[in-house]
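Below: the structure, in structure tokens.
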Amino acid sequence: MGKPELLAPAGSWEALVAAVQNGADAVYLGGKLLNARQSAANFNDEELARAVEYAHVRGVKVYVTVNTLVADEELEEAARFLFFIRNAGADAAILQDLGLAALARAVVPDLPLHASTQMTVHNSPAVEHLLKMGLKRFILARELSLGEIKKIKEETGAEVEVFIHGALCVCYSGQCLFSSMVGGRSGNRGRCAQPCRLPYALVDERGWPLADPARVGEYILSPRDLNTSQNLPDLLQAGVDAFKIEGRMKRPEYVAVVTRVYRRLIDRTAALGVQNFYVEPEEAQDLAQIFNREFTTGYLYGRPGKEMMSYLRPNNRGVFLGRVRRNEGGYLQVALEGRLNVGDGLEVWVTQGGRDGFEVKEIISNGKRVVSAPPGQTVKLAYRGPARTGDRIFKTHDRELVERARATFASPREARKIPVRVSVRGRVGEPLFIFLQDEEKNTGEGRTRAVGRAAEKRPLTAEFLYEQVDRLGNTPFSIAEFDCRLQGEVIYPVGEINEARRQAVSALSAARARAARPELEDPEVFARRLVKALEKEKRPEPLPGRARPAPAGSPGGSYPLLAVFAGDLDSLRAAAEAGADLVYFGGEAFRFPPAAREELHAGFLFCRRRGVQFVLATPRIIKDGELPAVLELCKEVMSWPADGLLVGNLGLLEKIRKLGVPFYADYPFNVFNSRTFDYLQAMGAVQVMLSYELTREQIKKIAARAAVSVEVLVHGDVELMVSEYCAVGSILGGLAPAKKCPRSCRERRCYLKDRLGVLFPVEVDKFCRMHIFNSRELCLLDHLRLVAETGAGVFRIDARRRGPEYVFHVTRAYRQALERGGEGPGKETIARFLTEETTTGHFFRGVE
């Protein structure tokens, strides 16, 4: 096992310095646009180029995040930014958007590309697919176990990167629309508002609690923080190439502490071997003290259920300090279980009233004022608040820890040192030469302006010159070898010696930066590539059979097909009878028992008799262990033969391409621009579902150049999240790793109720994954003419959660409206089936 790369976050310049000085092998950072942490300070172009040089001089790689979805109107800007970072010397770009990845390979072919965790890479064939596309490294989904990570590594041989510490998303990254649909701030565009950190209650359809929030906790979607410090040997044995610390939104002190601890742990493992690995108590303490929501190892050892969640609070918990002995009105008497210093921040978990935070201004121990107190003492702290005897106290800010961390990036003295060989040459009548050479044979030279003079009293000595050259505290270098050769008794001005040293340091720094930077590419060469890649294609003729002829006497010669995603066999029949042209059936399945092969075949035969296309839906999350069964079903259904497969998983796409069957690209591919559409079309898609986050103008631009049918969602429950964590089983069944799930989801309909009383439907699929849906039903029935004007060829109704009566009436309403040119009966005709309030989604408003 080689030593893994330690990759640290750099959301600001100070965080960059903190990461580098505390031992990171690489950092990841973003520009001002097109990165998934738009709220971080980030780097403008000049700062980014300076950051790359700073890191490269110190032997640290820089990966630039361009990990958002990119709109058509942004593609050229994104490509130019990739060219800029390529010439600036960035070691890789981290991408989410499939279309941008394809464009990048065409316009900056030698820039290494890493697949962001936003790409939802969670199986081996997905990695194989992206390897063929030209990506080099894969930041795997955080939902994978150690065994699943190891399998991907062994089967693909690809570079794999895994998060080892920091905040967790409750949803599969890249598949979350919660912030987008509820507040218009898209996580896929770097502006997530973190609605998962807000309070919710698990309730029934009436809004009545299914569990007492006071007992369970209110933050039932808020995960603990990931901490794998005790598990590094297991990650190494799984073949992980890069250990990634989350935290571009964290302050630089956090970056300094966490990077320093993991640097020590990785080096210790390399030195002692995995069998002798250990974590010092103070290292564990520092990780907890700098920030924690309590800790978890995530999914590395399987599904942890509620043990992964921080139900009681969504923010920093701090470290337990002790309990209140007595509130004396102006002072708290506290029995300490940890060290306390003046300037520390404390929080009392008040029996009634929540949390009460304060800064320690005064400590009284044994009747005397002190600046610190060790564990085991009982002290008095100046305090005015509602704390009661027995209340717990947590330290949320450790002044000494933060000051030590800050010293690593605020001081001009550098902690990270590169060993260099120093050669000094001098003699009478010639300048003094100082040569520096690093281990990679990069060199730097400095010389005095003055020539050497014969010494009358005190000639230069090797010891004196060593002292002068060794003044490297504010540089990234340290002397490993020193060779001094002076001919005769010679002397030089001390100021000139120091200036020659500075020249040599500057020259070596420049040489190291040059060595890490690729040869600059001619902007004209890039411009020609870009023009060729962005050439607009003429809209081809529509494919035969993808538009339905309009009835005689109705406006227009044809109108879009109507597709319905049915959740059960009766609903499939209702959709076909009400006028659906195409039915999707299968997939995750929210009804129990899920549709068996017999029901699927019955649905296929029913559609055949009605002249309706039957397409088998497949899950969007398919781990390696689940893939064989999914593939077997796909092969059987296509042998009937069904009309195609609805696919939203890169791994499954890679597999079914070899079968040569028609596939319909689904929304999990996040088709946000024409490039992604073109890529899926080139992969063989006969129909492509666009992102739910697009506006009508953006849809129109994509449809204008599409060679296969464009599908858009016009009606239904919009899915906001898919998660390996199940709130229903965890809360109602007390689900923990050692317990068997009681399947509470099969007994009742469950919802999440937010602070405003809004209900979000919750479903659990046959794989026990939780799906959360929007509280407001999407309904574009009153705007079908505008939807049709976009050029979309297929309108989808997502009715997976609904029964046959709903499906029949909603499908018929849309069929009638389409046959009348989009001016048919409005949504009032189906109002009794809809949620109290509906939404038009992003069709008009778009996302931030």
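Before moving on, here are some points about what is shown:
- Residue list for the range 798-841, filter: basic (Lys, Arg) and either in contact (Cβ under 8 Å) with a residue 40 or more places away in the chain or at positive phi (or both): Arg800, Arg801, Arg802, Arg812, Arg815, Arg820, Lys827
- Evaluated against (1) in contact (Cβ under 8 Å) with a residue 40 or more places away in the chain; (2) over 23 Å from Gly184 (Cβ atoms), Glu747 falls short on exactly one condition, (1).
- Test set (1) in a helix (DSSP H, G or I); (2) open to solvent by less than 50 Å² (accessible area, probe 1.4 Å) - Ala831 fails condition number: (2)
- Criterion (within 37 Å of the chain's Cα centre (by Cα) and farther than 23 Å from Gly586 by Cα) met by exactly one of Phe843, Phe795: Phe843
- Qualifying residue in the range 602-612 (condition: at pLDDT 95 or above, surrounded by 19 or more Cβ atoms within 10 Å (Cβ to Cβ) and among the charged types (D, E, K, R)): no
- Within the range 1-38, restricting attention to residues that are under 14 Å from the mean Cα position of the chain (by Cα) and of a type in the set (S, T, N, Q), the residue that is farthest from Ala516 (Cα to Cα) is Gln38.
- Residue within the range 838-845 that is of a type outside the set (S, T, N, Q), open to solvent by 30 Å² or more (accessible area, probe 1.4 Å) and modelled with pLDDT of 95 or more present: yes
- Hits in the range 235-267 (condition: charged (D, E, K, R) and under 27 Å from Glu14 (Cβ atoms)): Lys244, Glu246, Arg248, Lys250, Arg251, Glu253, Arg260, Arg263, Arg264, Asp267
- Entirely in the range 188-277, the helices (runs of 4 or more DSSP H) that have 1 or more residues that are farther than 25 Å from Gly318 by Cα: 232-237, 252-272
- So Arg37, is it at pLDDT 95 or above and open to solvent by 30 Å² or more (accessible area, probe 1.4 Å): no
- Test for Ala8: is it crowded, with 24+ Cβ neighbours inside 10 Å and in contact with a Pro (Cβ under 9 Å, 6 or more places away or on another chain): no
- Number of the condition not met by Phe163 [criteria: (1) more than 22 Å from Arg675 (Cβ to Cβ); (2) in contact with a Pro (Cβ under 9 Å, 6 or more places away or on another chain)]: (2)
- Residue within the range 5-23 that is at positive phi and touching a residue at least 12 places away in the same chain (Cβ under 8 Å) present: yes
- Residues located in the range 449-472, provided they are part of a loop (DSSP other than H, G, I, E, B), farther than 24 Å from Arg421 by Cα and open to solvent by 40 Å² or more (accessible area, probe 1.4 Å): Glu456, Lys457, Arg458
- Boolean, Ile220 is in contact with a strand residue (DSSP E or B) (Cβ under 8 Å, 6 or more places away or on another chain), more than 30 Å from Val60 (Cβ to Cβ), β-branched (Val, Ile, Thr) and buried (at least 20 other Cβ atoms within 10 Å of the Cβ): yes
- A single member of Thr156, Thr120 is open to solvent by 10 Å² or more (accessible area, probe 1.4 Å) and at positive phi, and it is Thr120.
- Checking Glu337 against (1) without any contact (Cβ under 8 Å) to a residue 60 or more places away in the chain; (2) open to solvent by 30 Å² or more (accessible area, probe 1.4 Å); (3) closer than 30 Å to Cys169 by Cα, the condition it does not meet: (3)
- Comparison of Val182, Val170, Val121 shows that the only residue that is touching a strand residue (DSSP E or B) at 6+ places or on another chain (Cβ under 7 Å) and either modelled with pLDDT under 95 or over 25 Å from Ala78 (Cβ atoms) (or both) is Val170.
- Unique match (being open to solvent by 10 Å² or more (accessible area, probe 1.4 Å), of a type in the set (A, V, I, L, M), closer than 21 Å to Gly625 by Cβ and in contact with an Asp or Glu (Cβ under 8 Å, 6 or more places away or on another chain)) among Leu168, Leu146: Leu146
- Of residues in the range 672-684 being open to solvent by less than 10 Å² (accessible area, probe 1.4 Å) and not in a loop (DSSP other than H, G, I, E, B), the one farthest from Ser639 (Cα to Cα): Ser674
- Complete set of residues in the range 314-363 that are in contact with a helix residue (DSSP H, G or I) (Cβ under 9 Å, 6 or more places away or on another chain), outside any strand (DSSP E or B) and among the small types (Gly, Ala, Ser): Gly318, Gly338, Gly343
- Screening the range 685-698 for residues that are outside any loop (DSSP other than H, G, I, E, B) and open to solvent by 10 Å² or more (accessible area, probe 1.4 Å) and picking the one that is farthest from Leu177 (Cα to Cα) gives Val686.
- Looking across the range 648-671 at every residue that is more than 19 Å from Ala589 (Cβ to Cβ) and either in a loop (DSSP other than H, G, I, E, B) or among the polar types (S, T, N, Q) (or both), the one that is most open to solvent (accessible area, probe 1.4 Å) is identified as Gly660.
- Note on the range 271-290: residues that are at pLDDT 95 or above and either open to solvent by less than 30 Å² (accessible area, probe 1.4 Å) or under 20 Å from Cys171 (Cβ atoms) (or both) total 7.
Quick grid of which residues meet (1) outside any loop (DSSP other than H, G, I, E, B); (2) over 30 Å from Glu154 (Cα atoms); (3) in contact (Cβ under 8 Å) with a residue 60 or more places away in the chain:
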{"residue": "Val583", "(1), (2), (3)": "yes, yes, no"}
{"residue": "Glu599", "(1), (2), (3)": "yes, yes, no"}
{"residue": "Leu605", "(1), (2), (3)": "yes, yes, no"}
{"residue": "Lys623", "(1), (2), (3)": "no, no, yes"}
{"residue": "Cys634", "(1), (2), (3)": "yes, no, no"}
{"residue": "Leu646", "(1), (2), (3)": "yes, no, yes"}
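- Yes/no for Glu74 being in contact with a Leu (Cβ under 8 Å, 6 or more places away or on another chain), of a type in the set (Asp, Glu), over 18 Å from Glu519 (Cα atoms) and not in a loop (DSSP other than H, G, I, E, B): yes
- When Gly59, Gly89 are screened for being open to solvent by 10 Å² or more (accessible area, probe 1.4 Å), under 23 Å from Trp13 (Cβ atoms) and touching a strand residue (DSSP E or B) at 6+ places or on another chain (Cβ under 9 Å), only Gly59 passes.
- Scope the range 243-267; condition crowded, with 20+ Cβ neighbours inside 10 Å and within 18 Å of the chain's Cα centre (by Cα); matching residues: Phe243, Lys244, Ile245, Glu246, Gly247, Arg248, Lys250, Val255
The values are calculated or read from the model by the stated rules, or taken from the named source; none is laboratory data. Not measured: the values here are computed from a predicted model. Don't worry about glycine lacking a Cβ; one is built from the backbone with ideal geometry, like all the others, and counts go over all protein chains shown. Surface areas here come from the heavy atoms of the whole protein model, side chains and all, with no ligands, DNA or RNA. Shrake-Rupley method; radii C 1.70, N 1.55, O 1.52, S 1.80 Å.
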